[in-house]
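Report on one structure; see the data block that follows.
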Amino acid sequence: LLRRTTGFRGQRLFHLLHRPRPLSVVFIVLESWRHRDVGVLGAAARVARTNLSATPHFDALSRDGVLFSNFYAAGLPTSRTLVTTLFGNLPLRSTDTAVNLQPVLELRGLPQLLRKKNYFLTFISGVHLEWDHWHDFLRHHGFHNVVDVRRIEDYLETFSS
């Protein structure tokens, strides 16, 4: 986000730095989803043939939002991709992760940009965020709320009542 993008060819749907800006910005990052199984990413022929989609809700969200169909987070495991996804930095040349080695590493990226624009930042994950020091790393980089598998049901329940 902080560098000029040269590969984007689509219509700009919004701009975070100018008004009017979106009321909410939600990034859904899913791993291990094969493009040929996701309706909007390659399963269109199968969906047309069978009239069944394995991902109908995701397909609907993609029509209402912005779908990054060529997104690639450099690195394995997931902890390495956290730094590349949120900050655009390449992963360390190490078997360890920046999140684990330096939870207070000074980086500038998406969390700081959104927080500067007065967005409330929540990170929700289906894993324990103490693993590899994600919890400390995310808090240090401006997330107001960090919700992991142990709190997710209670957290989501507050929105349904």
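The values are calculated or read from the model by the stated rules, or taken from the named source; none is laboratory data. Since the structure is predicted, the reported quantities are computational estimates derived from the model, not experimental observations. Ideal geometry is used to build each Cβ from the backbone, glycine not excepted, and the neighbour counts take in all protein chains shown.
In segment 103-161, what residues are at positive phi and without any contact (Cβ under 8 Å) to a residue 40 or more places away in the chain?
Asn118, His133, Gly142
Among the numbered conditions (1) closer than 24 Å to Gln11 by Cα; (2) at pLDDT 85 or above, tell me where His141 comes up short.
Of everything listed in (1) closer than 24 Å to Gln11 by Cα; (2) at pLDDT 85 or above, His141 misses just condition (1).
Filter segment 102-134 down to residues that are closer than 19 Å to Val83 by Cα, assigned to a loop (DSSP other than H, G, I, E, B) and among the hydroxyl-bearing types (Ser, Thr, Tyr), then give me how many there are.
The total comes to 1.
Regarding Phe137, is this residue closer than 14 Å to Leu86 by Cβ and part of a strand (DSSP E or B)?
No.
Taking only segment 33-75 into account, find how many residues are loosely packed, with under 11 Cβ neighbours inside 10 Å, within 22 Å of Ser125 (Cβ to Cβ) and modelled with pLDDT under 75.
Total satisfying the criteria: 2.
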